[in-house]
Amino acid sequence: MIISSLETFILHVPVTRNRIADSTHSITHWGMPGVKIYTDSGHVGYGFTGTHAHLASDRLITDCISRCYADLLIGEELTNIREIWKKIAYNPPLQWVGRAGITTMALAAVDIALWDLVSKYQAEPLWQTLGGRHGKKVEAYNTDGGWLNFSQDMLVDDVKRLTQEDGYKSIKMKVGKPERAEDIRRVEAVRNAVGEDISIMTDANGRWRLPDDLETLSLLKDYDVKWIEEPLWHDDVSGHRDLANQIETPIALGEMLYSLAHFNEFISSGGVRYVQPDATRLGGITEALDVCDIAQKMGLPVTPHAGDMAQTQIHMSIAHPSIELLEFIPWITHCFEEPLNIDSGFFKFPEMPGAGTTLKDEFMEKHSKKV
Ligand code: 0YR
Ligand code: MG
């Protein structure tokens with residue numbers, strides 16, 4: 001199978017209820033800059049990354065693929081993805097301009113498309129290509145009921161629906177309101193609404209600071225919160241290490257880290273308990289699996305962040321022993337040939353060959369923006 005050509009795309013898919021916000025972002029659409037890779041065998045691989053649907057920066061990602069990566073890819077034989085990955089990731093002039101950010105998100109889209117191709121070629125779902133087996137359970141936790149722009153009543157209604165009607169056993173809610181006491185009131189309301197048996201995760205999206213927010217952080221334990229995610233600024237390794245020694249609630253982070261080296265720093269510092277790689281922000285499945293491996297060696301659970309809304313990371317989650325819980329948000333699910341399926345809070349295993357990324361033409365057209 002030899003790569004013959006590629007074509008980039010940008011999709012902007014509306015979020016549920018028109019607009020959602022966390023402490024740091026407010027968005028109306030999920031962005032999917034991505035790539036279709038064609039081979040001489042007639043297979044087509046789909047890969048994408050996840051953005052806040054900012055068209056100008058989405059175009060930087062697709063430009064990086066079409067102007068910088070295409071030449072490195074076309075003509076390559078698809079026998080060893082890691083060799084191709086290295087050729088792109090360690091390309092000297094490209095490394096000079098970006099070892100993180102747009103270049104890695106572009107690499108993620110490419111890497112996912114390559115995994116899609118390899119497993120399509122082998123006529124099996126990617127989780128099988130990666131060594132996964134039937135029998136494993138991967139739990140889904142839902143983030144889509146807990147947005148910060150929801151009133152407390154709406155938040156409570158949503159988490160009740162997700163847990164009591166849809167069968168989720170774990171949900172995530174955002175924190176980071178201007179008034180910290182309101183965060184605690186909302187966490188308390190959610191705990192009272194869902195009862196003791198549901199896991200509640202909280203996510204501050206990098207908003208809080210030490211020492212000012214230590215008191216709020218310490219209070220989370222009173223509501224049996226499973227983790228506090230990104231409590232402090234994304235790059236603050238020593239801050240997270242110090243915080244981990246001061247509060248009982250475990251720390252989760254990783255969705256804003258672009259490389260294995262970033263993860264190494266946080267993991268070796270002791271500043272993270274739940275490790276959250278995102279294959280769409282790291283250089284794809286290839287690098288996300290590396291993160292899973294080092295987390296596993298340190299005995300830390302991996303709970304990937306869903307920049308892909310879990311659509312492709314479900315495969316890595318089935319295959320890697322360190323993952324038992326994966327974030328899910330339903331915004332883009334309908335766009336795929338094989339939409340993800342969740343039953344009583346657990347993912348059903350995908351059956352179609354590939355990485356789960358094949359888009360329906362209808363939705364490609366409907367949500368497409370000009371690259
Ligand atoms: C919305 N998940 C997250 C969304 C989400 C963000 O801005 O992108 O909240 O990525 O933190 O854990
Ligand atoms: Mg988060």
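The values are calculated or read from the model by the stated rules, or taken from the named source; none is laboratory data. Quantities reported herein were computed from a predicted structural model and do not represent experimental measurements. Using ideal geometry, Cβ is built from the backbone for each residue, glycine included, and neighbour counts are taken over all protein chains shown.
Take the residues in the range 10-67 that are at positive phi and of a type in the set (Gly, Ala, Ser); name whichever of them is nearest to ligand 2 (Cβ to nearest atom). Walk me through it before giving the result.
The first filter runs over the range 10-67 and keeps only residues at positive phi, leaving 17-18, 42, 53.
Right, trim to of a type in the set (Gly, Ala, Ser) and you get 42, 53.
Values: Gly42: 39, Ala53: 17 Å.
In this case the residue turns out to be Ala53.
Provide a single number: the residues in the range 235-246 that are in a loop (DSSP other than H, G, I, E, B) and buried (at least 17 other Cβ atoms within 10 Å of the Cβ). Talk me through it step by step, then tell me what you get.
Taking the range 235-246 and keeping what is in a loop (DSSP other than H, G, I, E, B), we get 235-236.
Subset that is buried (at least 17 other Cβ atoms within 10 Å of the Cβ): 236.
Final tally of qualifying residues: 1.
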- Message: Tally up the residues in the range 273-297 that are more than 23 Å from Arg82 (Cβ to Cβ) and either outside the structural domain of Met256 (by TED's automatic domain parsing) or away from ligand 1 (no atom under 14 Å from the Cβ) (or both), please.
- Response: 1
- Can you tell which of Thr62, Thr39, Thr49 is surrounded by 17 or more Cβ atoms within 10 Å (Cβ to Cβ), touching a Ser or Thr at 6+ places or on another chain (Cβ under 7 Å) and more than 17 Å from Asp308 (Cβ to Cβ)? Thr39
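Among Asp22, Asp58, which is among the acidic types (Asp, Glu) and under 25 Å from Leu155 (Cβ atoms)?
Details: Asp58 fails: under 25 Å from Leu155 (Cβ atoms).
Being among the acidic types (Asp, Glu) and under 25 Å from Leu155 (Cβ atoms) holds for just one of Asp22, Asp58, which is Asp22.
Residue-wise test of (1) more than 16 Å from ligand 1 (Cβ to nearest atom); (2) aromatic (Phe, Trp, Tyr); (3) under 15 Å from Phe9 (Cα atoms).
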position: His25; (1), (2), (3): no, no, no
position: Thr28; (1), (2), (3): no, no, no
position: Tyr46; (1), (2), (3): yes, yes, yes
position: Ala53; (1), (2), (3): no, no, yes
position: Arg59; (1), (2), (3): yes, no, yes
position: Ile81; (1), (2), (3): yes, no, no
position: Ile88; (1), (2), (3): yes, no, no
position: Ala100; (1), (2), (3): yes, no, no
position: Ile112; (1), (2), (3): yes, no, yes
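Report whether or not Phe328 is under 15 Å from the mean Cα position of the chain (by Cα) and either among the hydrophobic types (A, V, I, L, M, F, W, C) or away from ligand 1 (no atom under 16 Å from the Cβ) (or both).
On the way: under 15 Å from the mean Cα position of the chain (by Cα): yes; either among the hydrophobic types (A, V, I, L, M, F, W, C) or away from ligand 1 (no atom under 16 Å from the Cβ) (or both): yes.
Criteria met by Phe328.
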